[in-house]
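Below is one structure, written out as structure tokens, with a few remarks after it.
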Amino acid sequence: MDGKDGIISEKCREKALRLLTVRPHASSEIRQKLRKNRDFPPAVIEEIISDFTRVGLLNDRQFVALFCEEKKNAMTPPGRYQVALALRRKGLSAELINEVMAEVWDRHEGLANEHDDGMSPELARAIRAATPKWQSLCRRAEPSPQLRAKLMRFLAGRGYAGDIIRQACEQVCRKRE
């Protein structure tokens, strides 16, 4: 019996390692993916997650930081709300997300541009996301309140807050008009 348990445990461990070689995962993601295989007992899954966390292969704090860095450096970066929601869907706690996002998401690094006159990093990202969209909209038609509304809906869909949307639209639309 012990030999069979050892084989199952080793297969579970190998599966978890394969998942981690593709990309970083949160511990809750690994747990969810391992549970799909009914041959892996919950106790074995928890033991492997505990082992991986202890040796540093799984680190939820580091995962949130990497995820935030990747998203904030995207060509059209999403808003804070959309990133937090994506992390919650991955099974991470709201406390951890808020704590790490306060450290990582609000940093100003890499956001120096022609707009940066003491504005928040979130506003700078919103402007970076809105500018190409506004240019695309204005290629098809003259600037109008309807196009401005489309731009606002675009930013809302990307997870930006209302006040950030208004400020970004004001700056981006003013440059083009």
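The values are calculated or read from the model by the stated rules, or taken from the named source; none is laboratory data. Bear in mind that the values here come from a model prediction, so they are computed numbers and not experimental data. Here the Cβ is made from the backbone with ideal geometry for all residues, glycine too, and neighbour counts use every protein chain on show.
Take the conditions (1) in a helix (DSSP H, G or I); (2) of a type outside the set (Lys, Arg); (3) over 15 Å from Tyr81 (Cα atoms); (4) under 26 Å from the mean Cα position of the chain (by Cα); Leu137 misses just one of them, which is (4).
In the range 78-103, what residues are aliphatic (A, V, I, L, M), farther than 23 Å from Thr131 by Cα and touching a helix residue (DSSP H, G or I) at 6+ places or on another chain (Cβ under 9 Å)? Those that are aliphatic (A, V, I, L, M), farther than 23 Å from Thr131 by Cα and touching a helix residue (DSSP H, G or I) at 6+ places or on another chain (Cβ under 9 Å): Ala84, Ala86, Leu87, Leu92, Ala94, Leu96, Ile97, Val100, Met101. Tell me yes or no: at least one residue of the range 12-21 is out of contact with any His (no Cβ under 7 Å at 6 or more places or on another chain), within 21 Å of Lys90 (Cβ to Cβ), free of Cβ contacts under 8 Å to residues at least 60 places away in the same chain and small (Gly, Ala, Ser). Yes, because at least one residue in the range 12-21 is out of contact with any His (no Cβ under 7 Å at 6 or more places or on another chain), within 21 Å of Lys90 (Cβ to Cβ), free of Cβ contacts under 8 Å to residues at least 60 places away in the same chain and small (Gly, Ala, Ser).
Entry remark, the range 31-71: residues being of a type in the set (Asp, Glu), within 21 Å of the chain's Cα centre (by Cα) and either modelled with pLDDT under 95 or surrounded by fewer than 13 Cβ atoms within 10 Å (Cβ to Cβ) (or both) number 2 in total. Being without any contact (Cβ under 8 Å) to a residue 24 or more places away in the chain, over 30 Å from Arg125 (Cα atoms) and of a type in the set (S, T, N, Q) is a property that does not hold for Ser9. Give the range 28-64 a look and list any residue that's without any contact (Cβ under 8 Å) to a residue 60 or more places away in the chain, under 26 Å from Glu99 (Cα atoms) and polar (S, T, N, Q), or say none. Result: Gln32, Ser50, Thr53, Asn59, Gln62. The set of residues from the range 72-95 being hydroxyl-bearing (Ser, Thr, Tyr) and either outside any helix (DSSP H, G or I) or surrounded by 16 or more Cβ atoms within 10 Å (Cβ to Cβ) (or both) comprises Thr76, Ser93.
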